[in-house]
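Since the structure comes first, as structure tokens, the remarks are kept for the end.
The values are calculated or read from the model by the stated rules, or taken from the named source; none is laboratory data. The model shown is predicted, which means the values in this text are computed figures rather than measured ones. Glycine also receives a Cβ, built like all others from the backbone with ideal geometry; neighbour counts cover every protein chain displayed.
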Amino acid sequence: MNRVALGCSLALFMALGGCVSSGQSKPLPPGVLQKGTLANQQLIRDTMAGVAGKAATLGCMKIDSWVPYVLALPQGAPGSRVWRERWIVDCSGTTYPIDIRFNESGMGAADYTIR
């Protein structure tokens with residue numbers, strides 16, 4: 001788990017629809033709600049370190065690209081909300097889905113768990 005500051009509120013990200021889409025209208029993978037992430041840049045950087053570690057255990061030595069998807073929107077009271085995402089990483093043409101559970105740990109901070 002990792003604790004990081006959340007600079008932007010989740011409500012703002014939800015109102016804006018998470019990350020900006022690349023404009024391509026590919027169908028969403030099964031089980032996802034939307035393309036993008038609800039994490040801010042700091043949380044993305046911190047989580048990516050864990051994602052890279054998980055990908056390495058799956059045989060990926062270098063992540064070439066990644067696409068985040070929201071699996072479950074935040075639930076709970078502010079400061080203790082929980083949401084789930086799936087980041088699909090591409091390693092030399094092989095893709096690996098990495099599931100992540102984010103949970104706020106007080107106002108302005110969040111933890112993550114990679115499954």
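Against the conditions (1) buried (at least 18 other Cβ atoms within 10 Å of the Cβ); (2) modelled with pLDDT of 95 or more, Leu43 satisfies every one except (2). Counting just the residues of segment 60-108 that are out of contact with any strand residue (DSSP E or B) (no Cβ under 7 Å at 6 or more places or on another chain) and closer than 23 Å to Gly31 by Cα, which one comes out surrounded by the most Cβ atoms within 10 Å (Cβ to Cβ)? Ranking the qualifying residues of segment 60-108, first place goes to Cys91. Considering the conditions (1) modelled with pLDDT of 90 or more; (2) over 15 Å from Leu71 (Cβ atoms); (3) assigned to a loop (DSSP other than H, G, I, E, B), Ser21 is excluded by exactly one of them, (1).
For segment 38-70, residues that are assigned to a helix (DSSP H, G or I) and not basic (Lys, Arg) total 15. Among the residues here, Val51 qualifies as farther than 20 Å from Leu28 by Cα, of a type in the set (A, V, I, L, M, F, W, C), surrounded by 15 or more Cβ atoms within 10 Å (Cβ to Cβ) and touching a residue at least 40 places away in the same chain (Cβ under 8 Å). Checking the stated criteria, Ala15 turns out to be exposed (fewer than 15 other Cβ atoms within 10 Å of the Cβ), farther than 21 Å from Thr113 by Cβ and modelled with pLDDT under 90. Once segment 55-94 is narrowed to residues that are closer than 21 Å to Gly108 by Cβ and among the basic types (Lys, Arg), the residue that is nearest to the chain's Cα centre (by Cα) is Arg84.
Residue count for segment 93-115 satisfying the condition of being at pLDDT 90 or above and assigned to a strand (DSSP E or B): 16.
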